[in-house]
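Notes follow once the structure below has been shown.
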Amino acid sequence: MAGNPSVVHLGHSALVLGAGRRQLVITSDAFGLVPGGMQVRPPEFARLRRDLARRDPARGAAIHGWRPAVVEPADLRVTAIDIDSAALDLLERATTAPGAIGAFDPSRQRAEASALARAARDGADVADTLLRLIGAGPGSTPAGDDVVAGVLAGLRAAGLSEAAAELGARVLPLLGRTTAASTHYLEAAATGRFADRVHALVAGLRSARSAPAAIRAAATFGASSGTDLLAGIVAGARITPAIRKSA
Amino acid sequence: MTSLNSRVFPRLYRDSVALMAIASSTEARDGVDRVGAVMATPANIAILDESAMLPTGLTAAPDDLVIVVRGDTDEIVAEALDAAEAALTSVESARRNEDRPAATIGEGIQAMAAEDSDRPATMAAISIPGTYAAVVAERALRDGLHVFCFSDNVPVEDEIRVKGLARERRLLHMGPDCGTAIIDGVPLGFANVVRRGTVGIVAASGTGAQEVSRLLDLAGAGISQLIGVGGRDLSAEVDGLMTDLALDLLEDDADTGVIAIVSKPPAGPVADRLLARLAAIAQKGTPTIACFLGAEDTDGEVTVRGTLEGGAIAAAAAAGHPLQVDAASGLPTTAPPGRVLGLYTGGTLASEAKLLLKRGGVTDAEVLDLGDDEYTAGKPHPMIDPEARATRIAAAGSDAGVGILLLDLVIGYGASPDPATPVVEAIGAARAAAAADGRELLVIGSVCGTPADPQGLDRQRGLLEGAGVVLTPTNAAAARLAATLHTTGARA
């Protein structure tokens, strides 16, 4: 990362450093890998977090002295999988979980997921839907961004990578409408790369046996992020003609 | 006419869980109608506008956090915004000082590593809704931690999966639904303060293990380790996955000289395999006791006992501290007519009582395990909150069919700070109700505890004796006495 980065967010499971609109997300095992980010072992994460917390914010987050022990690039693309109809039904039922934050209810953004997925598949205009979704809803990564990222992942899991790429291309110009913390991961989703946590949810599409683990995982992501992502994934995956009927 | 106002916090991020908590607590204030706590993106500004929640002149950027409050008066709204800001600041302050309790296994590991890197975390205790327990347990195991899982209602397939992972990594996964353990002298869950000794216990039963361990303490024997494995570990499905590992660890433990397994009857093939394993351990010189509730007592390479009391006596003898279970003096020789009603807080203690009543020829006894899911849905376990049982004890006085009331009282860590008092009050009410109807009620019980338990064993016993409860040294002795009085000593 060029220049002296600033500390965007010092979380207990993710450290976000930023320079302009670019970000480096350093995560521990507890969070999983994020596209373009780095994942380190818990003791190393704890040391780094402690060091960054002690720095004078005005001087930025100079981390020149830090040398990661091992750097292994990871492929975080979502590819087409065999989707099971019973798994889809189970996951869909889980997306009705409430998650209202004060006056803001993410179910409003979740309700747009199916229309967005259908429009993306059919090559229809998605501009208005994206304007309503990107940056909309509760959370520092707003619920609408989670829904859009979920639809992008669901389309790719359903083998509709061209539709996903075209939808991604429509998302990129709108990134300025959301938060810096969300921009990074929505940009990655628009170009086909997804965080470990998204992969964990996509894996739930494979069978009724794998769905409960994905539902449990979704419940642990933020106040409503996991469920919002899941709503998008289900909507994206459901429109493929190639859904396997459960045995 | 209501008031609407907002406060903008430039470039401030808070995770959604913190924002939800702040929005909810602010919205709950008197006179506050609605609260919005969101990032000031164009889409959110539009939503605020549509909801008539956009104050005039609000200027903010997508990376700014905005809190909007609608309330009855300007003053109420200003106070609510102050409270929300204070809550945001307190989240920040807690994070800066790093004194926020860890909310995940990963955070816990990091917090301990940051505090003292020479003393890393070694065990995770999990007590969350069962649906999520396996995910957290897996996380802990992958981070190299042993697991004590108090959570119940964990699907059996999840249990098999996480125990398989634990075994692969040579880590303990105690539970799910693990009520008790004592590891290196540290009690986990419900546990009595038991002296250190040489008996290593593997337990698939919570109060069963407590009864055996407290009797070993009474004998002066003590325990080296008490490893809980969860009530399903010896089922055909789970196949003793964790019992096998626990036995490996106890075999390698220099402080363990005797090994005992405490369980309800295991599945047939599992029992056969386990007994063969215990025999092999005994052949190498470590005495082994299988305390399988309901099993026939046999003496061979493995000493098999069918009661908790029998298992404790055998283990104490093997450890060189014979246990004398003194017959209590002044026991009654007759009892009022009527059936035996057992109102238990300990599941295995209830099972032992049922077994011995049946063996004693009592066919009409009713023994309830009030800690069972059937009775605890949405309520604390009766070992923690004795009130639900007290209500049933009091009601028994109005039941003309009940002559003998059989009880347990479990003390120690995790249990109610004073379980005897509500029991004593309820017994008084029950006796008064029975007397008003011209009847009597005999109450028999035992206390599962040690002199070092925080509630005070003597005090708890004294309260019960003061209320006329006939106390026996063991739960088994209480059940036997009830059976004898019911079958031979019932007054006409």
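Within segment B:285-304, the set of residues being buried (at least 24 other Cβ atoms within 10 Å of the Cβ) and aliphatic (A, V, I, L, M) comprises B:ILE289, B:ALA290.
Applying the selection to segment A:176-207, what residues are within 12 Å of chain B (Cβ to nearest Cβ) and in a loop (DSSP other than H, G, I, E, B)? Matches in segment A:176-207: A:THR178, A:THR179.
Evaluation of B:THR333 against the conditions (1) at pLDDT 95 or above; (2) part of a loop (DSSP other than H, G, I, E, B) shows that the sole unmet condition is (1).
Scanning segment A:161-218 for residues that are under 22 Å from A:GLY135 (Cα atoms) and without any contact (Cβ under 8 Å) to a residue 40 or more places away in the chain gives A:ALA165, A:GLY168, A:ALA169, A:LEU172, A:PRO173, A:GLY176, A:GLU187, A:ALA190, A:THR191.
Of the candidates B:ALA28, B:ALA21, the single residue that is surrounded by fewer than 19 Cβ atoms within 10 Å (Cβ to Cβ), within 13 Å of chain A (Cβ to nearest Cβ), over 30 Å from A:LEU15 (Cβ atoms) and modelled with pLDDT under 85 is B:ALA28.
Quick check: is even one residue across segment B:238-250 assigned to a loop (DSSP other than H, G, I, E, B) and either out of contact with any Asp or Glu (no Cβ under 9 Å at 6 or more places or on another chain) or surrounded by fewer than 24 Cβ atoms within 10 Å (Cβ to Cβ) (or both)? Yes, segment B:238-250 contains at least one residue that is assigned to a loop (DSSP other than H, G, I, E, B) and either out of contact with any Asp or Glu (no Cβ under 9 Å at 6 or more places or on another chain) or surrounded by fewer than 24 Cβ atoms within 10 Å (Cβ to Cβ) (or both). Scanning segment B:412-442 for residues that are surrounded by 21 or more Cβ atoms within 10 Å (Cβ to Cβ) and assigned to a strand (DSSP E or B) gives a single hit, B:LEU442. Only one of the numbered conditions (1) surrounded by fewer than 24 Cβ atoms within 10 Å (Cβ to Cβ); (2) over 14 Å from the mean Cα position of the chain (by Cα) is violated by A:GLY168, and that is (2).
Residue-level analysis places B:LEU171 outside the set of residues that are under 23 Å from B:LEU409 (Cα atoms) and either touching a strand residue (DSSP E or B) at 6+ places or on another chain (Cβ under 9 Å) or surrounded by fewer than 18 Cβ atoms within 10 Å (Cβ to Cβ) (or both). If the condition is being in contact (Cβ under 8 Å) with a residue 24 or more places away in the chain and outside any strand (DSSP E or B), then segment B:33-51 contributes only B:ALA40.
Scanning segment A:208-241 for residues that are touching a strand residue (DSSP E or B) at 6+ places or on another chain (Cβ under 7 Å) and more than 26 Å from B:ARG14 (Cβ to Cβ), we see that the one that is farthest from the other protein chains (Cβ to nearest Cβ) is A:THR240.
Scan segment A:137-156 for residues that are among the small types (Gly, Ala, Ser) and at pLDDT 95 or above and jot them down. Once the filter is applied, which keeps residues that are among the small types (Gly, Ala, Ser) and at pLDDT 95 or above, segment A:137-156 yields A:GLY144, A:ALA149, A:GLY150, A:ALA153, A:GLY154. Among the residues here, B:ILE404 does not qualify as assigned to a strand (DSSP E or B) and under 23 Å from B:ASN192 (Cβ atoms).
Going by what's in this entry, would B:GLN283 be described as at negative phi and at pLDDT 95 or above? Here the answer is yes, as B:GLN283 does meet what is asked.
Each row is one residue, and each column tells you yes or no for (1) within 14 Å of another protein chain (Cβ to nearest Cβ); (2) in contact with a helix residue (DSSP H, G or I) (Cβ under 8 Å, 6 or more places away or on another chain); (3) more than 21 Å from B:ALA61 (Cα to Cα); (4) touching a residue at least 40 places away in the same chain (Cβ under 8 Å).
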residue	(1), (2), (3), (4)
A:LEU91	no, yes, yes, yes
A:SER107	yes, no, yes, no
A:SER114	no, yes, yes, yes
A:ALA119	no, yes, yes, no
A:ALA157	no, yes, yes, yes
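Here is the figure for segment B:46-60: residues that are touching a strand residue (DSSP E or B) at 6+ places or on another chain (Cβ under 9 Å) and more than 9 Å from chain A (Cβ to nearest Cβ) total 7.
The values are calculated or read from the model by the stated rules, or taken from the named source; none is laboratory data. The shown structure was predicted, so the numbers you read here are calculated from the model rather than taken from an experiment. Methodologically, a virtual Cβ is constructed for each residue, glycine included, from the backbone with ideal geometry; neighbour enumeration extends over all protein chains shown.
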